[in-house]
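The values are calculated or read from the model by the stated rules, or taken from the named source; none is laboratory data. For clarity, every value in this text was computed on a predicted model and none was experimentally measured. A quick note on method: Cβ atoms are made from the backbone with ideal geometry, for glycine too, and the neighbour counts reach across all protein chains shown. Calculation scope for accessible area: heavy atoms of the full protein, side chains included, ligands and nucleic acids excluded. Shrake-Rupley method; radii C 1.70, N 1.55, O 1.52, S 1.80 Å.
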Amino acid sequence: MAKAKEKKKDKRQNRETNQAVVRQSMIRRLPRRLGARGQMALPAAPSLLEHYYELLTEAFGALGRVFNEQETAHLRKVLGEKLEEAFRKSPYSRVIVSYETDEPPATSLSWRMLVNVSTVASEYEGWVKSREPPYFGVHADAKILDCARSLGAPKDVPVLDIGAGTGRNTLPLAREGFPTDAVELAPALASILRAEVEKEKLPVRVIEGDALSGTLETAKQHYRLVCLAEVIASHIRTVDHVRALCEAAAEALTVGGLFVFNAFLAKEGYRPDAMARELSQVFWSNVFTKIDIENAMRGLPFEPVSDESTHDFEHEHQPAEDWPPTGWFVNWAKGLDVYDLPLGRAPVELRWLVYRRVG
């Protein structure tokens with residue numbers, strides 16, 4: 001009898017009574033009854049594969065869903081493939097990850113991934129639907145007007161404005177008498193520009209299409225000024241594409257004409273890696289180096305004229321009462337859309353680059 005009582009006492013002593021331990025043991029059982037579904041939209045940056053993988057596994061783990069080695073390998077593989085596909089199609093694409101816990105008492109989770117492609121045209125269509133104009137500011141770029149005026153009487157200075165948008169530079173140039181052809185890729189913006197041209201009866205030809213296509217009907221050796229404001233900076237992805245635009249400008253310009261564009265350039269001592277290149281495209285701040293631009297211009301009939309901070313030049317020459325041109329311009333031009341650093345500390349900056357067409 002004594003031994004039986006001692007045995008029961010031992011069993012009672014082996015039972016867990018520590019409240020903290022007991023509470024955790026119950027919480028570990030919750031996944032059997034816990035249900036959840038959700039979705040993540042991941043910007044298309046293949047270099048962030050490991051970061052996104054950790055983000056997903058932490059989120060799934062918080063629901064009590066822990067993957068085994070085979071499951072994690074499959075998740076990483078599919079995620080990597082989708083990120084590559086999305087970025088290849090457009091830097092504005094996203095990988096959509098949808099997930100849902102399986103029916104209780106299972107503690108598993110089902111997920112699927114798809115690529116949601118967004119193009120330049122569709123992005124600007126969204127701007128027109130969701131934002132109040134003016135989308136890019138009230139005034140023309142001071143650098144563009146300054147270059148156009150430096151070339152002579154307006155009637156003798158035909159201009160090709162590539163990536164004209166809604167006409168922030170095209171319309172003021174035409175009002176001053178510069179014969180202007182405007183190229184715009186996004187139908188939503190081209191439609192607004194076309195309506196303004198018709199409304200004011202301005203001598204502007206609006207050409208809707210992609211300047212990189214090689215099929216646009218623009219005159220050869222005709223223009224005195226070719227300008228791309230915030231185009232290479234926002235939407236041109238590779239040095240080869242920059243080169244193609246430089247070649248097109250060389251073909252379009254007369255000898256002595258000016259080629260003006262702005263681009264985000266890495267500052268001395270900074271070499272942007274793959275993640276910086278990809279995220280700069282995601283944030284409409286495409287980063288290049290001075291060597292990139294030199295390679296794009298190599299062998300073409302251009303000589304450099306000037307290299308200036310876009311922010312500083314525009315701040316100095318734009319009307320003080322209308323500065324900044326938009327609520328986003330200063331941080332964007334200073335590189336802060338990509339780099340979460342104090343003003344003036346980002347390793348890139350938007351620069352105005354001007355070249356003269358030589359014989």
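Among the criteria (1) free of Cβ contacts under 8 Å to residues at least 24 places away in the same chain; (2) part of a loop (DSSP other than H, G, I, E, B); (3) within 26 Å of Arg149 (Cβ to Cβ), the one Glu230 does not fulfil is (1). Counting the residues of region 343-359 that are within 18 Å of Trp284 (Cα to Cα), in a strand (DSSP E or B) and open to solvent by less than 40 Å² (accessible area, probe 1.4 Å) gives 4. If the Cβ limit is 9 Å and pairs must be 6+ apart or interchain, which residue in region 178-202 that is without any contact (Cβ under 8 Å) to a residue 60 or more places away in the chain and farther than 27 Å from Ser150 by Cβ pairs with which residue that is of a type in the set (D, E, K, R) and open to solvent by 60 Å² or more (accessible area, probe 1.4 Å)? Sorted first by the residue in region 178-202, then by its partner, the pairs are Ala190/Glu208; Ser191/Glu208; Arg194/Glu208. Look at Tyr53 and say whether it is assigned to a loop (DSSP other than H, G, I, E, B) and either modelled with pLDDT of 95 or more or closer than 14 Å to Arg112 by Cβ (or both). No: the conditions fail for Tyr53.
Any residue in region 124-143 that is in contact with a strand residue (DSSP E or B) (Cβ under 6 Å, 6 or more places away or on another chain) and not polar (S, T, N, Q)?
Within region 124-143 (the criterion being in contact with a strand residue (DSSP E or B) (Cβ under 6 Å, 6 or more places away or on another chain) and not polar (S, T, N, Q)), the answer is yes, since at least one residue qualifies.
Assessment of region 250-259 against the conditions (out of contact with any strand residue (DSSP E or B) (no Cβ under 7 Å at 6 or more places or on another chain) and of a type in the set (S, T, N, Q)) yields no matching residue. Note on region 47-65: residues that are more than 23 Å from Glu278 (Cα to Cα), touching a Leu at 6+ places or on another chain (Cβ under 6 Å) and not hydrophobic (A, V, I, L, M, F, W, C) amount to 1. One residue alone among Asp292, Asp340, Asp307 is within 20 Å of the chain's Cα centre (by Cα) and open to solvent by 40 Å² or more (accessible area, probe 1.4 Å), and that residue is Asp340.
The lone criterion from (1) free of Cβ contacts under 8 Å to residues at least 40 places away in the same chain; (2) farther than 21 Å from Glu251 by Cα; (3) open to solvent by 50 Å² or more (accessible area, probe 1.4 Å); (4) of a type outside the set (A, V, I, L, M) left unmet by Thr166 is number (3).
Conditions (1) in contact (Cβ under 8 Å) with a residue 40 or more places away in the chain; (2) in contact with a Leu (Cβ under 6 Å, 6 or more places away or on another chain); (3) closer than 18 Å to Ile144 by Cα, marked per residue:
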{"site": "Pro304", "(1), (2), (3)": "yes, no, yes"}
{"site": "His315", "(1), (2), (3)": "no, no, yes"}
{"site": "Gln318", "(1), (2), (3)": "yes, no, yes"}
{"site": "Gly327", "(1), (2), (3)": "no, no, no"}
{"site": "Trp332", "(1), (2), (3)": "yes, no, no"}
{"site": "Gly335", "(1), (2), (3)": "yes, no, no"}
{"site": "Pro342", "(1), (2), (3)": "no, no, no"}
{"site": "Arg351", "(1), (2), (3)": "yes, yes, yes"}
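Each row is one residue, and each column tells you yes or no for (1) in a helix (DSSP H, G or I); (2) touching a residue at least 40 places away in the same chain (Cβ under 8 Å); (3) among the basic types (Lys, Arg); (4) out of contact with any Cys (no Cβ under 9 Å at 6 or more places or on another chain).
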position	(1), (2), (3), (4)
Gly64	no, yes, no, yes
Tyr92	no, yes, no, yes
Arg112	no, no, yes, yes
Glu125	yes, yes, no, yes
Glu132	no, no, no, yes
His139	no, yes, no, yes
Leu145	yes, no, no, yes
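For region 243-285, the set of residues classified as surrounded by fewer than 23 Cβ atoms within 10 Å (Cβ to Cβ), of a type in the set (A, V, I, L, M) and within 16 Å of Leu212 (Cβ to Cβ) consists of Ala244, Leu245, Ala248, Ala250, listed by residue number.
Filtered by the rule that a residue be part of a loop (DSSP other than H, G, I, E, B) and either touching a Ser or Thr at 6+ places or on another chain (Cβ under 9 Å) or surrounded by 10 or more Cβ atoms within 10 Å (Cβ to Cβ) (or both), region 208-219 gives Gly209, Asp210, Ala211, Leu212, Leu216, Thr218, Ala219.
For region 94-104, taking the residues that are charged (D, E, K, R) and assigned to a strand (DSSP E or B), the one that is least open to solvent (accessible area, probe 1.4 Å) is identified as Glu100.
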